[in-house]
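Input: a single structure, listed below in structure tokens.
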Amino acid sequence: MEISHIKQEINITESLMTRINELISHYPADKRKSALLPVLHEVQDAHDNWLSIDLQNKVAEILEIQNIEVYEVVTFYTMFNQRPIGKYMFEFCQTSPCCQNGVEDLMDYTCEKLGVKVGEPTKDGNFEVRGVECLGACGYAPMMQLGDFYQEHLTKEKIDQLISDCKEGKITLHDK
């Protein structure tokens, strides 16, 4: 994924900062960097599910670490988004068990249904399809993650139903 230079409003509210400080408190004072992953999740959730360079720099400032230490983590993990993404991100597992069970065909089918290519949001910004590394649910292949939830034993019919449910607002993305 390419790093985005799109401007993003940084909005570290009092409640978000309270949550960040609570997360930091779980680690020794001289190990603030240990809170990086949970802090990035909280900050991303509070900023339309993506992290601009400026926002990543703000996280580095809060944790008193170098900017590059944040960039290294954000660019490594697919769970962090470096540009605005579709509201409903269909993240298909692309490792061997899912591939052997047809996930690549299901990704192509989903892209065709939505009129997009992998990694490209729909024009309305509601959907995006992405391939990711192992999601740790090999026994349920082919599968994908949608928000915080796994969608397992996928078929074209299940994909159709998920798209329909998303369009109708029936899908919950987060377990919070």
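Remarks
- Any hit, the range 21-30, residues being open to solvent by 20 Å² or more (accessible area, probe 1.4 Å), at pLDDT below 95 and part of a helix (DSSP H, G or I): yes
- Residue in the range 34-51 that is open to solvent by less than 50 Å² (accessible area, probe 1.4 Å), within 17 Å of the chain's Cα centre (by Cα) and small (Gly, Ala, Ser) present: no
- Checking THR75 against (1) closer than 27 Å to THR13 by Cβ; (2) surrounded by 18 or more Cβ atoms within 10 Å (Cβ to Cβ); (3) not acidic (Asp, Glu), the condition it does not meet: (2)
- Candidate set from the range 143-161 (those that are among the aliphatic types (A, V, I, L, M) and under 26 Å from ALA46 (Cβ atoms)); member that is surrounded by the fewest Cβ atoms within 10 Å (Cβ to Cβ): LEU146
- Selection of helices (runs of 4 or more DSSP H) fully inside the range 81-176 by the criterion of at least 2 residues being farther than 30 Å from GLU9 by Cα and among the acidic types (Asp, Glu) returns 103-114, 156-167.
- Residues within the range 31-51 that are at pLDDT below 95 and small (Gly, Ala, Ser), tallied: 1
- Breaking point among (1) touching an Asp or Glu at 6+ places or on another chain (Cβ under 8 Å); (2) open to solvent by 50 Å² or more (accessible area, probe 1.4 Å); (3) of a type in the set (A, V, I, L, M), for VAL118: (1)
- Of all residues in the range 4-20 being aliphatic (A, V, I, L, M) and part of a loop (DSSP other than H, G, I, E, B), the one that is modelled with the highest pLDDT: ILE12
- Within the range 164-175, the residues that satisfy the criterion of being more than 15 Å from the chain's Cα centre (by Cα) and either free of Cβ contacts under 8 Å to residues at least 60 places away in the same chain or on the phi > 0 side of the Ramachandran plot (or both) are SER164, ASP165, LYS167, GLU168, GLY169, LYS170.
- Whether a residue is open to solvent by less than 70 Å² (accessible area, probe 1.4 Å), in contact (Cβ under 8 Å) with a residue 40 or more places away in the chain and touching a strand residue (DSSP E or B) at 6+ places or on another chain (Cβ under 7 Å) was assessed, and PHE80 does not pass this test.
The values are calculated or read from the model by the stated rules, or taken from the named source; none is laboratory data. Not measured: the values here are computed from a predicted model. Ideal geometry is used to build each Cβ from the backbone, glycine not excepted, and the neighbour counts take in all protein chains shown. All accessible areas refer to the heavy atoms of the entire protein, side chains included, with ligands and DNA or RNA removed. Shrake-Rupley method; radii C 1.70, N 1.55, O 1.52, S 1.80 Å.
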